[in-house]
Amino acid sequence: MIRVDCQSHVFPKPYADILLNNQKYLQTSKDNDHYIIRYSNLQQFRLNPEMYDPRHTIREMDAAGIDVSVISVNIPGPEMLDTELGIEGARVCNDYLAEVCARYQGRFAGLASLPLQDVNAAISEFKRALNDLDLKGIILFSHINGTPVDDPQFEPIYAMAQSRGIPIVLHPTVPTWGEVIKDYSMIPMMGLMVDTSIAML
């Protein structure tokens, strides 16, 4: 029997550096080795890419008896960025995922990030991630920078995934309606789960 962890993350430092250039809703600054990621005035996270080292993940997997981890790049996804940065960011994320999966063969399966703010670019990156990089699925956040996941513009991506039998993994992100629950850390405690439930429904 193979034991699979269906939810694990990486965070490539080159992608974290791309976040520093975003000019709109999502703002990122640097504090020594940490990146401070702000979703407007709703939520702030401190991120250290070294904490996502796959060698550390494998040690934890071995300790827990996990054979394979399904990995993706954690929030914020490239769909939150200015369009050109999002396209570049998705490529950086997916190249890194493919590199990790190849380096630790048999231990990881990668889920592609897509620049969904540009559907044509997302389709191109989807094909590249599956055909050239051998990633095994795509990660879909609970909204696309405020646009619901059932917006008709995304149908070609879902149709392609369905026709090829490619899994789509739904993942939380900071809800656009988080203003009403931003106090007392309620966004990470329950807002992420509620927003994901809305997207799934």
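The values are calculated or read from the model by the stated rules, or taken from the named source; none is laboratory data. Being a predicted model, the structure only gives us computed values, none of them experimental. Positions of Cβ are generated from backbone atoms using ideal geometry, with glycine treated the same way; all protein chains shown enter the neighbour counts.
Worth a mention:
- Count of residues meeting criterion [surrounded by 20 or more Cβ atoms within 10 Å (Cβ to Cβ), of a type in the set (A, V, I, L, M) and over 23 Å from Tyr39 (Cα atoms)] in region 118-132: 1
- Pairs with Cβ under 7 Å, 6+ apart, first in region 43-67 and under 18 Å from Gly106 (Cβ atoms) and in contact (Cβ under 8 Å) with a residue 24 or more places away in the chain, second buried (at least 16 other Cβ atoms within 10 Å of the Cβ) and aliphatic (A, V, I, L, M): Pro54/Val10; Pro54/Val100
- Residue count for region 1-11 satisfying the condition of being polar (S, T, N, Q) and either buried (at least 18 other Cβ atoms within 10 Å of the Cβ) or modelled with pLDDT of 95 or more (or both): 1.
- For the condition touching a Pro at 6+ places or on another chain (Cβ under 9 Å) and either among the polar types (S, T, N, Q) or at pLDDT below 95 (or both), Thr147 does not qualify.
Conditions (1) under 29 Å from Ile66 (Cα atoms); (2) over 16 Å from the mean Cα position of the chain (by Cα), marked per residue:
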{"position": "Ser113", "(1), (2)": "yes, no"}
{"position": "Ala129", "(1), (2)": "yes, no"}
{"position": "Asp132", "(1), (2)": "yes, yes"}
{"position": "Asp151", "(1), (2)": "no, yes"}
{"position": "Ile166", "(1), (2)": "yes, yes"}
{"position": "Thr176", "(1), (2)": "no, yes"}
{"position": "Ser185", "(1), (2)": "no, yes"}
{"position": "Ser197", "(1), (2)": "yes, yes"}
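- Hits in region 147-201 (condition: in a helix (DSSP H, G or I), closer than 25 Å to Gln27 by Cβ and hydroxyl-bearing (Ser, Thr, Tyr)): Tyr184, Ser185, Thr196
- Residues of region 79-96 satisfying the condition of being touching a residue at least 40 places away in the same chain (Cβ under 8 Å), within 16 Å of Ala16 (Cβ to Cβ) and under 11 Å from the mean Cα position of the chain (by Cα): Met80, Gly89, Cys93, Asn94
- All positions within region 180-201 that are in contact with a Leu (Cβ under 7 Å, 6 or more places away or on another chain) and farther than 17 Å from Ile37 by Cα: Thr196, Ala199, Met200
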